[in-house]
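A.B. asks: Sharing a structure with you now.
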Amino acid sequence: MRLAPGPGREYADRAVTSLVWISGASAGIGAALAASVPFPEARVVDLSRRGGTVEHFPVDLSDPAAWVGVERYFEAELAGFSGERVVFVHSAGTVVPIGPADAVDAEAYTRAVLLNSAAPQVLGRAFLRATAGLTCEKHLVMLSSGAASTAYPGWSAYNAGKAAVDHWVRTVGAEQPPLEPLGAARAEGERAGAGRAEGERAGAGRVGGERAGVARGGDGGGVEQAGGAGRIGCRVIAVAPGVVDTAMQGEIRAVDEQAFPAVGRFRELKESGALVSPEDAARGIWSLFERELPNGSVLDLRKLPD
């Protein structure tokens with residue numbers, strides 16, 4: 001696929017083999033992911049309010065009215081896509097407001113619930129729908145957290161949001177068609193393309209419209225089977241990157257114990273140098289693309305299986 005010139009598309013004249021969307025890529029883990037995409041000839045797009053160093057699609061993901069625009073954007077950008085893979089990493093999230101649920105600002109709490117719980121499910125569904133007909137590799141990665149399974153008082157919207165993400169991934173992963181080994185989708189697409197070309201050459205050499213029409217119809221039927229009944233599923237996983245040294249951690253350490261009783265632990269992690277860098281977290285997340293993981297896996301970078 002080749003792209004017409006547009007904002008952030010400095011690679012417009014070269015082929016794009018991977019299309020990668022990352023939400024929240026303006027800072028933190030999302031920015032580190034965008035800066036270290038391991039796929040050559042990749043187009044990388046940041047879905048966020050502020051934007052960062054890559055192509056930017058401006059959107060407030062805490063606003064439900066904006067979600068339909070993202071779905072339409074996915075559909076428009078994937079129309080006619082013929083590359084090797086499409087990827088959506090949902091990194092956007094917020095831990096604020098921090099404090100007991102009955103004491104924090106109602107409007108801020110509602111935004112946090114929408115961003116942490118609803119947006120991942122709605123946008124994940126939009127990506128799955130937009131990519132359903134593609135035969136390339138398809139990857140949907142949701143960032144999770146240890147907070148999904150640990151009830152930290154003061155983080156109710158964040159805890160519940162990450163728990164929702166984990167179970168959504170387990171469920172949707174179980175809904176996917178069987179996956180082919182990594183790289184198999186691309187090889188199948190190349191074989192189908194070669195078959196079409198051979199069929200066209202054979203048809204052009206035949207005399208007799210009816211015979212040529214039958215031959216072309218038979219060739220088309222084989223291609224439809226490759227992309228229809230043999231529909232390729234999307235790899236759907238959730239991954240907790242550990243405690244990462246981002247601006248979010250700064251917000252956590254700045255609150256008092258009354259709002260967040262466990263704040264001392266997070267201050268100690270910073271003081272002891274135990275926080276993971278965003279760059280190391282990004283490398284760990286991208287490394288998962290090299291693993292044959294069960295669909296719907298919920299992972300922790302600190303506890304990966306051998």
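The values are calculated or read from the model by the stated rules, or taken from the named source; none is laboratory data. These numbers come from a predicted model, not from an experiment. Here Cβ is always computed from backbone atoms with ideal geometry, including for glycine, and neighbour counts include all displayed protein chains.
A.B. asks: Criterion first (in contact with a Cys (Cβ under 7 Å, 6 or more places away or on another chain) and either assigned to a helix (DSSP H, G or I) or crowded, with 16+ Cβ neighbours inside 10 Å (or both)) does residue 128 satisfy it?
C.D. replies: Details: in contact with a Cys (Cβ under 7 Å, 6 or more places away or on another chain): yes; either assigned to a helix (DSSP H, G or I) or crowded, with 16+ Cβ neighbours inside 10 Å (or both): yes.
Considered against the rule, which asks whether it is in contact with a Cys (Cβ under 7 Å, 6 or more places away or on another chain) and either assigned to a helix (DSSP H, G or I) or crowded, with 16+ Cβ neighbours inside 10 Å (or both), residue 128 comes out as yes.
A.B. asks: Taking only pairs six or more apart or across chains, which ones have beta-carbon atoms under 7 Å, a first residue in region 142-170 that is free of Cβ contacts under 8 Å to residues at least 40 places away in the same chain, and a second residue that is charged (D, E, K, R)?
C.D. replies: Within 7 Å, the pairs are 147/162.
A.B. asks: Another question, if that's okay. Being part of a loop (DSSP other than H, G, I, E, B) and either touching a residue at least 40 places away in the same chain (Cβ under 8 Å) or among the basic types (Lys, Arg) (or both) is the filter; apply it to region 244-257 and report the residue that is surrounded by the fewest Cβ atoms within 10 Å (Cβ to Cβ).
C.D. replies: Applying the filter and picking the extreme gives 255.
A.B. asks: Taking residue 236 as meeting all but one of (1) within 18 Å of residue 94 (Cβ to Cβ); (2) not in a loop (DSSP other than H, G, I, E, B), write down the number of the exception.
C.D. replies: Only one criterion is unmet by residue 236, namely (1).
A.B. asks: Inside region 13-41, can you point out the residues that are in contact with a helix residue (DSSP H, G or I) (Cβ under 9 Å, 6 or more places away or on another chain), among the aliphatic types (A, V, I, L, M) and closer than 10 Å to residue 84 by Cβ?
C.D. replies: Residue satisfying the conditions is 19 alone.
A.B. asks: Scan (1) modelled with pLDDT under 95; (2) of a type in the set (Gly, Ala, Ser); (3) on the phi > 0 side of the Ramachandran plot for the single condition residue 52 breaks and write down its number.
C.D. replies: Failing condition for residue 52: (3).
A.B. asks: Across region 140-180, which residue is farthest from residue 62 (Cα to Cα) among those that are acidic (Asp, Glu) and assigned to a helix (DSSP H, G or I)?
C.D. replies: Looking at the filtered set, the residue picked out is 175.
A.B. asks: For region 264-279, how many residues meet the condition of being free of Cβ contacts under 8 Å to residues at least 12 places away in the same chain and either in a helix (DSSP H, G or I) or closer than 30 Å to residue 234 by Cβ (or both)?
C.D. replies: Residues meeting the conditions: 4.
So that you can scan it fast, the table gives a plain yes or no per residue for (1) in the same structural domain as residue 73 (by TED's automatic domain parsing); (2) of a type outside the set (Gly, Ala, Ser); (3) over 16 Å from the mean Cα position of the chain (by Cα):
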site: 96; (1), (2), (3): yes, yes, yes
site: 105; (1), (2), (3): yes, yes, yes
site: 116; (1), (2), (3): yes, yes, no
site: 119; (1), (2), (3): yes, no, no
site: 141; (1), (2), (3): yes, yes, no
site: 146; (1), (2), (3): yes, no, yes
site: 175; (1), (2), (3): yes, yes, yes
